[in-house]
1. Just checking, does region 58-66 include any residue being of a type in the set (Asp, Glu), part of a loop (DSSP other than H, G, I, E, B), open to solvent by 60 Å² or more (accessible area, probe 1.4 Å) and modelled with pLDDT of 95 or more?
2. Return the residue satisfying two criteria in turn: it lies in region 186-228 and is crowded, with 18+ Cβ neighbours inside 10 Å and among the hydroxyl-bearing types (Ser, Thr, Tyr), and of such residues it is modelled with the lowest pLDDT.
3. Can you name every residue in region 1-29 that is hydrophobic (A, V, I, L, M, F, W, C) and in a helix (DSSP H, G or I)?
4. Taking region 29-69 on its own, how many of its residues are in contact (Cβ under 8 Å) with a residue 12 or more places away in the chain, farther than 17 Å from Lys3 by Cβ and of a type outside the set (A, V, I, L, M, F, W, C)?
5. When Leu160 is evaluated against the numbered criteria (1) out of contact with any Pro (no Cβ under 9 Å at 6 or more places or on another chain); (2) crowded, with 17+ Cβ neighbours inside 10 Å; (3) in contact (Cβ under 8 Å) with a residue 24 or more places away in the chain, which criterion, by number, is the only one it fails?
6. If we scan region 30-53, do we find a residue that is small (Gly, Ala, Ser), more than 15 Å from the chain's Cα centre (by Cα), under 20 Å from Gly129 (Cβ atoms) and in a loop (DSSP other than H, G, I, E, B)?
Amino acid sequence: MAKKIALVTGSARGLGWGTALALANKGYHVALLGRDAGKLEGRKKEIETTGGSATVFRLDLSEVTSIDHAIVEVKRAYSGGIHVLVNNAGIFPEKAGAYDRAMTEEVMQVNALGPLQFTLGLAGPLAAGNANVVNVSSGMGGLTEMGAGYPAYRLSKCALNAATRYLSQEWKSLRVNSVCPGWVKTDMGGDSADRSIEEGVASILWAALLSEKGPTGGFFRDGKPLAW
C-alpha cells in the first residue's frame, strides 16, 4: 500500500522539523518544504536513516513566484492526493515597539497570504486526499487575547485564523483548523518559553491526524477549543 502524503512547511527546524519527523515515524511520506533546500536535504537523510521517506521542495513564502513554482512541483509529485498539509512556516521579526508598515507587509505575506496562496493552489490534491489542513497559529492572533505590542505578528496570525475559517467553508468536506502550539522553546520562542517542542508538536499532530468526522473551522490547543 502506498504511503499517505504529508506536507510540512518550515520543516528544517523547530516545530516544523518535529512535526515532519513525527509524521514520518507514523508512516507518512513527508514533503519537507522551506527556504534552505540544503538543510532540508540533511533532514531528509535523517528521516531515511530511521526507515522513513521524504522529498524536498524549496518554498519561500515571501516570494509569490516561489510559491507558484512549489505548487506546480508538488502537484506534479502528488497528483494522486495529499492527506496532510501543515502550514507551519512563519516569522516573528519584531523585538517590540510600534507599528512598522514595511515589516507588517513582510510578516503578513509570510505568515498569512503565502500560506493561503499555497493552500489554495493545492486544492485538487488536497480534495483527492480528503486532507487535514493545519494552520499553525498563535494565541497572540486571537481577538480574545489581543494585546499591545508586536502588531505585525498579531495581525498576521489573526489573518491566518480568518483564512482557516474561510477555507473550512470553501472546503466543507475537509478538515481545516488553526492550532496554537503554545509558547515553545524554539529559535523563535526562545529559552524562556514554557513548553517543549514535543508538547507543541503533539498539539499540531492532533489536528493533522483527525478522522473524517473530526472538527473543522476551529482554533485549538492540545485538542481543546480556544476562543478566537
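1. Going residue by residue through region 58-66, those that are of a type in the set (Asp, Glu) are 60, 63.
Remaining after also requiring part of a loop (DSSP other than H, G, I, E, B): 60, 63.
Retained after the next criterion (residues that are open to solvent by 60 Å² or more (accessible area, probe 1.4 Å)): 63.
Then keep just the ones that are modelled with pLDDT of 95 or more; that gives 63.
Yes.
2. Ranking the qualifying residues of region 186-228, first place goes to Thr186.
3. Once the filter is applied, which keeps residues that are hydrophobic (A, V, I, L, M, F, W, C) and in a helix (DSSP H, G or I), region 1-29 yields Leu15, Trp17, Ala20, Leu21, Ala22, Leu23, Ala24.
4. Going through region 29-69 one residue at a time, the tally reaches 11.
5. (1)
6. First, pick out the residues of region 30-53 that are small (Gly, Ala, Ser): 31, 34, 37-38, 42, 51-53.
If we keep only those that are more than 15 Å from the chain's Cα centre (by Cα) too, we end up with 37-38, 42, 51-53.
The next check asks that each one be under 20 Å from Gly129 (Cβ atoms); those that pass are 52-53.
Okay, now just the ones that are also in a loop (DSSP other than H, G, I, E, B), so 52.
Yes, there is a match, as at least one residue in region 30-53 is small (Gly, Ala, Ser), more than 15 Å from the chain's Cα centre (by Cα), under 20 Å from Gly129 (Cβ atoms) and in a loop (DSSP other than H, G, I, E, B).
The values are calculated or read from the model by the stated rules, or taken from the named source; none is laboratory data. These numbers were taken from a predicted model, which means no experiment stands behind them. As a convention, Cβ positions derive from the backbone with ideal geometry for all residues, glycine included, and neighbour counts pool all protein chains shown. Accessible surface is based on the protein model in full, side chains and every heavy atom, while ligands, DNA and RNA are left aside. Shrake-Rupley method; radii C 1.70, N 1.55, O 1.52, S 1.80 Å.
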